[in-house]
Amino acid sequence: MGNLIVIEGLDGSGKHTQAVRLYEYLQSIGKDVRLISFPDYESPSSALVKMYLAGDFGSNADSVNPYTASTFYAVDRFASYRTKWQNFYENGGIVIADRYTTSNAVHQCAKLPPEQWDSFIEWLTEFEYRYIGIPEPDKVIYLRTDTGVSQKLMTERYNSDESKKDIHERDTEYLTRSQRSADYCSVKMNWYTVHCTENGIMRTIESIAEEIQGLI
């Protein structure tokens, strides 16, 4: 088997940027590496995820319970694994994932009271890694970003057009809950935490990338 490295964090934390940086770094030192991203919006398997995020099942994240919402994302990951990277991974390749099962843990725990988080995480990991049968990550790197900073970055991404945000991104109260659940999951699930903000300011892309490379 190969290695699966997950880059995790809230919206606006720079996951895609850092996943690409890590991919390019590993390539530069001669590693056999592939970059994947979830949801896989180019695949039909993401159809239910798109409907959920667009608000087709309800106008906010809490409209769909965490167990149901988790299945939308899990099926998308299964389809990606079986059709795009299973052989590569099983033959020893390194896979870098921008989001993974870990995102279900973060965003769906946020819909539950904290006393239910442990049982949900136990259900989720068994569901995805055992019953669906996708690989468990070898390492998860959590990009910890202050909610206020990530919100500002997302607003800049969409040129201040709030209508472009999905039901997760435009719900600031939900994002605050997600920050708390992400911090909990990072400890509970033994993730490596990279603190991306200092004194309310985002660290440079280069300094964050160097820290991630050191962890790898």
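The values are calculated or read from the model by the stated rules, or taken from the named source; none is laboratory data. It should be emphasised that the depicted structure is a prediction, and the values quoted were computed from it without experimental measurement. Here Cβ is always computed from backbone atoms with ideal geometry, including for glycine, and neighbour counts include all displayed protein chains. Quick note on the areas: whole protein, heavy atoms, side chains included, nothing else; ligands and nucleic acids left out. Shrake-Rupley method; radii C 1.70, N 1.55, O 1.52, S 1.80 Å.
Annotations
- Longest exposed-site-free window of the chain, the sites being chymotrypsin sites (Phe, Trp or Tyr not before Pro) in a DSSP loop that have at most 15 other C-beta atoms within 10 Å: 58-157
- Pairs from the table (Lys139/Lys188; Lys31/Lys84; Lys31/Lys188; Lys84/Lys188; Lys111/Lys139; Lys15/Lys50) lying more than 22 angstrom apart at Cα are Lys31/Lys188; Lys84/Lys188; Lys111/Lys139.
- Average projection, convex hull of the Cα set of the stretch 1-73: 6.4 square nanometres.
- Percent carbon-and-sulfur accessible area, the chain, ignoring ligands, DNA and RNA, probe 1.4 Å: 48
- Applying both filters, DSSP loop and at most 16 other Cβ atoms within 10 Å, to the GluC sites (Glu not before Pro) of the stretch 4-70 gives Glu42.
- Here the calculated FRET efficiency for Asp138 and Ser63, from their Cβ-Cβ distance with R0 = 45 Å, stands at 0.85, rounded to the nearest 0.05.
- Per the Debye formula on identical point scatterers at the alpha carbon atoms of the chain, with no solvent, log10 I(q)/I(0) at q = 0.13, 0.15 Å⁻¹ is -0.73, -1.00.
- Shape category assigned to the stretch 52-150 from the gyration tensor of Cα positions, a/c cut at 1.5: prolate
- Accessible solvent surface per residue of the chain, calculated while the other protein chains remain in place, 1.4 angstrom probe, Å²: 47
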